[in-house]
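These notes concern the structure reproduced below.
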Amino acid sequence: MSEERAILSGNEAIARGVWEAGVKLAAGYPGTPSTEILENVKNYSDIYSEWTPNEKVALEVGIGSSIAGARTLVTMKHVGINVAADPLFTFSYTGVNGGLILVSADDPSMHSSQNEQDNRNYAKFAKIPAIEASDSQECKDFVAIALDISEKFDTPVLYRTTTRTSHSKSIVTLGERKEQPGEVKLEKNMPKYTMLPVSAKRRHPLVEERILKLKEFAETTELNRVEMGDTKVGIITNGISYQYVKEALPNASVLKLGLTYPLPENKIKDFAGKVDELFIIEEGDAFFEDQITVMGVDIAHGKDLFPLEGEFSAAFIKAQVEGVTVAIKDAAADLPGRPPAFCPGCSHRGIFTILKKLKVFVSGDIGCYTLGALPPISAMHACVCMGASISMGHGMAKAIGSSDEMDQKVVSVIGDSTFFHSGMTSLLNSIYNKSNSVAMILDNRTTGMTGGQENPGSGKTLGGEDAIAADIPALVKAFGIKNVIKIDPYDLKDIEDKMKIALASDEMTVVVVEAPCVLRYRISHPAYTVDRDKCTGCKQCLKVSCNALSLEEDGDDKFVVIDPNMCAGCGVCAQVCKFDAIGEGK
Amino acid sequence: MENTNILLAGVGGQGVLLASQIFTSVAIEADLDVKQSEVHGMSQRGGSVTSHVRFGEKVYSPTIDPGEADFLIGFERLETLRNVHCLKAGGTIIYNSMRINPSTVAAGVAEYPGDVPEQILAFGEKTFLVDGLGLAEQAGNTRSSNVVMVGAVSSFLSLPESLWESKIKEILPPKLVDLNLKAFHLGRAAVKNS
């Protein structure tokens, strides 16, 4: 009988691996490149899964599940671990009951992220093991191994992927689910789970002991594999870089690390002793290189040839190791870029059009509305991390004091999912400390940028069941904010008038914009049309940055056309037209 | 056997990922090793999209380096030009002549170059222009131009026609199968005849 095979992305493979390994609970917060793991886990009815409002909550839900004895998965993108770091570092002390893996999906090259931190450092910092797969088969198979390690060594396991392992597809041989024998049952064990100083002091030595035991384990585990070839060049590598190395240098000797913390010192020394020149090829930080240097091993090349920034590739590795390059023709020069933009019909378009017009300082946040920073709108002047817009805006307003200049006034802009994630505490701080700033909550009832996941405001769970939808205006009022106003994001005059009132107020104002995501909820109205006789080709409408609009030329005649297949009928372009040339569709 | 490297380039929403899925499932059915890689996250917002498909006896890297693609399949003319340097010497360009304005062009801050087809030809590799939109319309739906392109490329690959047909039937929703089979065959014939 032939085994069942499928072509899966790394994320789909992790979901499958989790199911096969008998996991009972999964929690996470969406974030590229991690999102599809839970989206696939939800299809397995043996596993309870949920989106949580943020990564800290996800890990805490996971810790609870582990204490209760269930095998558990927690997922997030790399920066999410920063949010979950608080429970993580103490969970390292309590250890697990049911095995727990914490997926950290890192994003070298920052395809969809604000930084490229290397989360292997968290494993070392929190003193827990890190595991990294290099293709989808390993993504699946390593899940069960990681859970075994978690239970055997009484530790959470950091399961690190990168964009290329998470989002590349390769062939996977599937297995069946193995239910775990242990009972899911609460058992009181205060010295292990109640981290008062008295018990934490007893747990800490166990953590140090655990790392020593894991170091011994690292020497023998199948996760770390030596493939001897030509001994002139020996390469220590991990994750997707292993695939690039095998492609570029098929004859080289390779020590492939799957358990990437703690490192197998003897194995590394033994391997180094057998090769003439040792290369360390790792994307991100000099994580292996620094530790191997401390071991006293002579490294020929590492970060001198393989930078701290960005992704590698097979051709890059070949060029750096052997000096061999493929002749490449020059890329076409000076082509217009094609950045992502607000979708036609998006409720954010009108908001940013007016914010730009008002010339205020926009303190931004993370979500689709961050696209408001891109040209031609270019109206987001700071953006750091999830939930920061309101607190940064408050800090700016306090530092400036009162000003009548519009460019010295701050408007913080945050989406619904990001508000639930960590914007609520920022807003509470603003009102508590008598802020005079303005905050806008753009509530489109979904987590848009990651593809439209459910959140506490959506009225649906990850599994599609009805849920209580959080009432943002009521929540804001409960914080004590008196000035709560609603605006219609498709009425530019309404936005401008109400924003002027909000900006003139000495007290904190919260503007709530309620408009469901047109992409997620497939909202469309008849397309608008341009009256060619009235259109002067002035390009004013093009400044709202809608892909449905384009300028056409017919001899000397310039005029705008609207693609009826793209136009969602929102009418924002028609409102900026000074010649009344854009009309509603029928 | 050398691996076959296919780079697909287009605009978010054009069905580049569905086309990739047809290639990968045909390859796996033909008992080949296969890998595919793309970067998603922003793809639905009208940005540039590329997808790398590699198949052969054994595939390691999921990505195709510049100068390594056997085929560049362009779903839109500007995106084709943006990726021509990824083609290897002696590679083949097959592209859809349609034009989609980037947001920067739509907003009037950048110009869409007028000589894209000429610039593509100037790269001096085998180039086939496919009227993807026209053939898709002929098949019954302009949205099937991605499958027209799959058909066009299929005529260069020594994989049986029935395999392509069976995978299209498997992957597309039932009510769209006939239309997409038509689109596939129109694309396949378009290149054969040119």
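Results, tabulated for the structure shown:
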| item | result |
| --- | --- |
| All helices (runs of 4 or more DSSP H) inside the range A:339-446 with 3 or more residues being buried (at least 18 other Cβ atoms within 10 Å of the Cβ) and of a type in the set (D, E, K, R) | none |
| Members of the range A:213-248 that are hydrophobic (A, V, I, L, M, F, W, C) and either buried (at least 17 other Cβ atoms within 10 Å of the Cβ) or without any contact (Cβ under 8 Å) to a residue 40 or more places away in the chain (or both) | A:L214, A:F217, A:A218, A:L223, A:V233, A:I235, A:I236, A:I240, A:V245, A:A248 |
| Selected residue [part of a helix (DSSP H, G or I) and of a type outside the set (D, E)] from A:G22, A:G69, A:G17 | A:G17 |
| A:A568 vs. criteria surrounded by fewer than 22 Cβ atoms within 10 Å (Cβ to Cβ), small (G, A, S) and closer than 18 Å to A:K356 by Cα | no |
| Selection from the range A:193-212 of residues that are among the β-branched types (V, I, T), free of Cβ contacts under 8 Å to residues at least 40 places away in the same chain and in a helix (DSSP H, G or I) | A:V198 |
| So B:S155, is it surrounded by fewer than 22 Cβ atoms within 10 Å (Cβ to Cβ) and among the hydroxyl-bearing types (S, T, Y) | yes |
| Identity of the residue in the range A:468-527, of a type in the set (S, T, N, Q) and either out of contact with any helix residue (DSSP H, G or I) (no Cβ under 6 Å at 6 or more places or on another chain) or modelled with pLDDT under 95 (or both), that ends up farthest from A:Y369 (Cα to Cα) | A:S505 |
| Qualifying residue in the range A:76-91 (condition: part of a loop (DSSP other than H, G, I, E, B) and either more than 30 Å from B:L18 (Cβ to Cβ) or not assigned by TED's automatic domain parsing to the domain that holds A:D154 (or both)) | no |
| Any pair with Cβ under 6 angstrom, 6 or more apart, that starts in the range A:44-59 at a residue that is under 16 Å from A:P87 (Cβ atoms) and ends at one that is modelled with pLDDT of 95 or more and part of a strand (DSSP E or B) | A:T52/A:A27; A:E55/A:M76; A:A58/A:A27; A:A58/A:G28; A:A58/A:V74; A:L59/A:V74 |
| Candidate set from the range B:92-141 (those that are within 14 Å of the chain's Cα centre (by Cα), farther than 27 Å from A:D563 by Cα and without any contact (Cβ under 8 Å) to a residue 40 or more places away in the chain); member that is farthest from the other protein chains (Cβ to nearest Cβ) | B:T127 |
| Residues of the range A:371-388 satisfying the condition of being away from chain B (no Cβ under 14 Å) and under 20 Å from A:K77 (Cα atoms) | A:C383, A:V384, A:C385, A:M386, A:G387, A:A388 |
| Candidate set from the range A:547-575 (those that are within 12 Å of chain B (Cβ to nearest Cβ) and of a type in the set (V, I, T)); member that is nearest to A:R349 (Cα to Cα) | A:I562 |
| The lone exception for A:D466 - which of (1) in contact (Cβ under 8 Å) with a residue 12 or more places away in the chain; (2) farther than 26 Å from A:K356 by Cβ it fails | (1) |
| Answer residue from the range A:310-322, given it is part of a loop (DSSP other than H, G, I, E, B) and more than 8 Å from chain B (Cβ to nearest Cβ) and is surrounded by the fewest Cβ atoms within 10 Å (Cβ to Cβ) among those | A:G310 |
| Residue satisfying all of: in the range A:505-518; of a type in the set (A, V, I, L, M, F, W, C) and surrounded by 21 or more Cβ atoms within 10 Å (Cβ to Cβ); farthest from A:T450 (Cα to Cα) among these | A:M508 |
| Criterion: surrounded by fewer than 22 Cβ atoms within 10 Å (Cβ to Cβ), touching a residue at least 40 places away in the same chain (Cβ under 8 Å) and within 12 Å of chain A (Cβ to nearest Cβ) - qualifying residue of B:E29, B:E76, B:E57 | B:E29 |
| Test: residue in the range A:323-340 that is out of contact with any Phe, Trp or Tyr (no Cβ under 6 Å at 6 or more places or on another chain) and away from chain B (no Cβ under 14 Å) | yes |
| Hey, A:Q180 away from chain B (no Cβ under 14 Å) and either modelled with pLDDT under 95 or in contact with a Cys (Cβ under 8 Å, 6 or more places away or on another chain) (or both) or not | yes |
| Set A:P307, A:P250: member being at pLDDT 95 or above, facing chain B (nearest Cβ under 10 Å) and part of a loop (DSSP other than H, G, I, E, B) | A:P250 |
| The range B:1-22 residues that are under 17 Å from A:G451 (Cβ atoms), paired with ones that are hydroxyl-bearing (S, T, Y) (beta carbon under 6 Å, 6 or more apart) | B:G12/B:S43; B:V16/B:S51 |
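The values are calculated or read from the model by the stated rules, or taken from the named source; none is laboratory data. None of these values were measured; they are calculated from a predicted model. Because the Cβ atoms are built from the backbone with ideal geometry, glycine has one as well, and the counts that use them run over all protein chains shown.
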